[in-house]
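So the structure is just underneath, and the comments pick up after that.
The values are calculated or read from the model by the stated rules, or taken from the named source; none is laboratory data. Just so you know, these numbers come straight off a predicted model, no measurement behind them. For neighbour counting, all protein chains shown are included, and Cβ atoms are generated from backbone atoms with ideal geometry for every residue, glycine included. The protein model used for the area step is the full one, side chains on, heavy atoms only, and it has no ligands, DNA or RNA in it. Shrake-Rupley method; radii C 1.70, N 1.55, O 1.52, S 1.80 Å.
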Amino acid sequence: MRIAVVPAYEPDEHMLQVLKEAHEAGFRIVVVDDGSGPGFSEAFTQARKYGHVISYPVNKGKGHALKTAFRYILNEFGDKGYTVVTLDSDGQHKIRDAIRVCEAAEKHPGAMVLGSRKHSKASPWKSRFGNGVTRVVFRLLTGVGIRDTQTGLRAFNASFLRRLIKIPGARYEYEMNVLLDLAKTSCKIIEVPIETVYIRNNAGSHFRAVRDSISIYKEILKFSASSFAGFLTDYLLYSLIVLLTGPKGILLANVAARLVSASVNFALNYRYVFHSRETLAASALKYFTLACGILICNSALLFLLTAAGGWNPFLSKIVVELLLFVGSWLMQRGFVFAGR
């Protein structure tokens, strides 16, 4: 059995065509009216010809709509013996592609299968830009490369439903949170190429560029804030010691300041950024092993810039910290807090 989940908010004429084709292809269908209002009641009345319709009066977001459908499916069919596919109501996902991602999910029941679009110059700029940025951010956060992080065409085994319901997020950030949750636990994510369709230059999208982007990117923003707090602690202590001891105390100042700032940075990242599930001792051991390696690199670069290059010690410190920022992020994500 295959079940198609179609969340819809103020749908246009394409929704009924999507439902008709899905019904003819043998899908059981669950439509969620995400607070579209009385002006769209006739469309959802017609939708009942093809499947079950869930309605509520106030718009709550795509993530909420999907989880509402997942709960209904669990209550009706349990968590075994079928495949679920999610697709948009605006006609941008072809039913033949929905069938293909379902077939892939049935071959790989432990994987999440994504219908992956290939963006080109013909794609709307908002979609190209948004997907390009989230692809880079997702790779930095998880180490997993996905070509289309924003696709709504996804297929998976029924056993995923209980897990998906627990993942936070009510609006567009939910779909990104799902991918982050799966990647962090090394769940296999498979991409199946699909046709790229944009109707009226994607005018029907309800994506809110600023607010929804902030929700999607907040994890990397949290890491940046944590790193900045550690940098401020480090730089202020370093500057104070250098002012008291002069150029001869640069290495001592660097080591002493790093010990204090590393403790601050570890506490913030352990609790608020990476949400590590390892014990405090295990994460601390790996973190301070990494910190020692970074400190050696940091001190060596400072020595080269100040003693050999004649650079100003305060400017040198800023340059070195910026150079090591990305390396620290990648190592913390992939090594220190990998047990998330």
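Of everything in the range 168-189 that's open to solvent by 30 Å² or more (accessible area, probe 1.4 Å) and among the aliphatic types (A, V, I, L, M), which residue is nearest to H108 (Cα to Cα)?
Looking at the filtered set, the residue picked out is I189.
At pLDDT below 95, among the aliphatic types (A, V, I, L, M) and under 22 Å from the mean Cα position of the chain (by Cα): which single residue out of V133, V84 fits that description? Don't jump to the end; show me each part of the working.
Details: V84 fails: at pLDDT below 95.
Just one listed residue meets the conditions, V133.
When you look at R100, is it open to solvent by 60 Å² or more (accessible area, probe 1.4 Å), within 21 Å of P7 (Cα to Cα), out of contact with any His (no Cβ under 6 Å at 6 or more places or on another chain) and at pLDDT 90 or above, yes or no?
Yes, satisfied.
Would you mention how many residues in the range 301-321 are within 36 Å of the chain's Cα centre (by Cα) and surrounded by 12 or more Cβ atoms within 10 Å (Cβ to Cβ)? Outline the logic, then answer.
Going residue by residue through the range 301-321, those that are within 36 Å of the chain's Cα centre (by Cα) are 301-302, 315-321.
Filter once more, so that each one left must be surrounded by 12 or more Cβ atoms within 10 Å (Cβ to Cβ): 301-302, 316-321.
Final tally of qualifying residues: 8.
Could you list all residues from the range 144-166 that are farther than 17 Å from V85 by Cβ, open to solvent by 10 Å² or more (accessible area, probe 1.4 Å) and without any contact (Cβ under 8 Å) to a residue 60 or more places away in the chain?
Scanning the range 144-166 gives V144, G145, R147, K166.
Listed here are the residues, each with its yes/no results for (1) in a helix (DSSP H, G or I); (2) at pLDDT 80 or above; (3) within 20 Å of V260 (Cα to Cα).
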residue: A281; (1), (2), (3): yes, no, yes
residue: L290; (1), (2), (3): yes, no, yes
residue: L304; (1), (2), (3): yes, yes, no
residue: I318; (1), (2), (3): yes, yes, yes
residue: S328; (1), (2), (3): yes, no, yes
residue: M331; (1), (2), (3): yes, no, yes
residue: G334; (1), (2), (3): yes, no, no
